[in-house]
Amino acid sequence: MRGTDRLPMGADAWQESGRKEKSMADTADTKENEVGDIGLIGLGVMGRNFAINMADHGFAVVGYDRDAEKTDQLEKERSGKHAICTSDDPAAFCQMLRRPRAIMILVPAGDPVDAVIQALEPHLEPGDLIIDSGNSHFTDTDRRSARLEEKGLHFMGMGISGGESGARHGPSLMPGGTEAGYERVRPILTAAAAHVGEMPCVAYMGPRSAGHYVKMVHNGIEYGLMQLIAETYDLMKRALGMRPDHLHSVYRRWNRGALGGYLMEITAAIFQHRDDATGRPLIDLILDEATQKGTGEWTVADALKQQVPTPTIDAAVMMRHLSGDDQQRRAAANRFQGPNPHFTGDREAFIAHLEKALHAAFIMTYAQGMALLRKASQTYGYRLDLETVARVWTGGCIIRAALLEDIQAAFRDDPDLANLMTAPALGRTLQTHQVALRAVVGTAAGLGLAVPGLMAALSYWDAYRSGWLPANLVMAQRDYFGSHTYRRIDAQGTFHTQWEA
């Protein structure tokens, strides 16, 4: 997640944005002005909520935003009871923070982050800490870490999940960077994070960009889960003809069982919400075009680079792209005919199959994300603890779900687990629920309704459990047209055949 403030490209413009008439720069060089435990730049809804959250836990927060209205809004919302003060000038903002300083940035990823960092640097000293809490690409975090380290500055890339409510009442936090930097702000982050029982949903992920990488994969899993839920909605809406009130009842019931979690909870609530203007169910008035910010694409791109299959996440990204081609889709709908999508079988049995199929596909989506984290940890030297990652995701974040307790237990029992599908308890669930998943996918295909996420999950399961795959033909083809060679099952080494006589 990120703030809503879009900063100008250049640092000069950022510095000039303050209201100079209220500048405290003339007195900022005195120790008496050092009142803040942590600074926060970017006072959109996320930033304001997180500032108040930290202040609620007894930490003094100094806020800055180039938009005076956002600064004023924070002043109003704190109602005089929070340990929050604001500054209208970047230099004064830095001077108001206790040394060594800790500054959190909550602005959009990309150039705005670089602009803020560039503007801060003249006012910082070796040992100060900058925390980028937006959805930055992990390679940008690595670049910034290396550059700032040369200047003696600590830098952390920290993923935050939980939306506006999470920022205010307790998000899931995924910090990476220097351990010394994390220890500096650990008490603040521990207090502000969501808690499940006595455990805070925050932990040090690893060096450099580890935190932003974990958050990226979190979002990739989120894409997959949302697509899977949408496919069950499609089947119940178009195949079974179910109305929003009935859909609300189904998802509410599912949320009480093994599928329980934040996404299931809000899905049930969505089907109950009515439009203020028309009184109709709001879901029926929303355009069928799913946009994205790019983190799902980043997950897919690096999974390809790491050679880790993430087919359910891939399908989710693909469907968001396809949903945007609404003119082509509507033209094709008028041109091409498919089967009658009306289901005529046992409706209650089909809904029961849907629940189990979704549960199985959820497990596989988490398995794909965790497999990518394991491989990336090796490639980039993150030293990720996957049990800890699962624990941090059990509360506060968008993908929090009952299933994560089983995932956490799986990695606790076997820290070297290569794939979640092989964990004994989860494997038994998949073995049982594959019958329902096959039934749902087969029914959807027969009705002409697209369920690429569920189909990808089933194919992933069938390919993973297969002792033999037809890749030998692919290698023969590659050797035929490109002399790429192949290996044999009965001899060591690589071989090439002159296929044409």
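The values are calculated or read from the model by the stated rules, or taken from the named source; none is laboratory data. Quantities reported herein were computed from a predicted structural model and do not represent experimental measurements. Virtual Cβ from ideal backbone geometry, glycine too; neighbours counted across all protein chains shown.
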(request) Determine the pairs where a residue that is touching a residue at least 12 places away in the same chain (Cβ under 8 Å), located within the stretch 298-312, has a partner that is acidic (Asp, Glu) and crowded, with 21+ Cβ neighbours inside 10 Å with Cβ atoms under 8 Å apart, the partner being 6 or more residues away or on another chain. (result) VAL300/ASP314; ALA303/ASP314
(request) Output the residues belonging to the stretch 188-217 that are under 30 Å from GLU289 (Cα atoms) and either surrounded by fewer than 24 Cβ atoms within 10 Å (Cβ to Cβ) or hydroxyl-bearing (Ser, Thr, Tyr) (or both). (result) TYR213
(request) Find the helices (runs of 4 or more DSSP H) located wholly in the stretch 267-380 whose residues include 2 or more that are over 19 Å from the mean Cα position of the chain (by Cα) and surrounded by 13 or more Cβ atoms within 10 Å (Cβ to Cβ), and list them. (result) 311-324, 347-380
(message) Just checking: which of the helices (runs of 4 or more DSSP H) contained wholly in the stretch 29-120 hold 2 or more residues that are farther than 22 Å from SER145 by Cα, in contact (Cβ under 8 Å) with a residue 12 or more places away in the chain and of a type in the set (Gly, Ala, Ser)?
(response) 45-56, 90-95
(request) Kindly state which strands (runs of 3 or more DSSP E) lie completely within the stretch 122-201 and contain at least 1 residues that are acidic (Asp, Glu) and over 23 Å from GLU405 (Cβ atoms). (result) 129-132
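Table: residues versus (1) loosely packed, with under 14 Cβ neighbours inside 10 Å; (2) outside any helix (DSSP H, G or I).
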{"residue": "LEU430", "(1), (2)": "no, no"}
{"residue": "VAL435", "(1), (2)": "yes, no"}
{"residue": "ALA445", "(1), (2)": "yes, no"}
{"residue": "LEU458", "(1), (2)": "no, no"}
{"residue": "GLY467", "(1), (2)": "yes, yes"}
(request) Tell me, yes or no, whether the stretch 164-173 has at least one residue that is over 23 Å from ILE399 (Cβ atoms) and more than 16 Å from the chain's Cα centre (by Cα). (result) no
(request) State yes or no: is ALA239 in the same structural domain as ILE131 (by TED's automatic domain parsing) and either surrounded by fewer than 24 Cβ atoms within 10 Å (Cβ to Cβ) or under 29 Å from ALA349 (Cβ atoms) (or both)? (result) no
(message) Quick check on the stretch 266-279. Is at least one of its residues among the β-branched types (Val, Ile, Thr), at pLDDT 95 or above and more than 30 Å from GLN368 (Cα to Cα)?
(response) yes
(request) Pick out the one residue from ALA60, ALA83 that is modelled with pLDDT under 90, surrounded by fewer than 21 Cβ atoms within 10 Å (Cβ to Cβ) and within 19 Å of THR190 (Cα to Cα). (result) ALA83
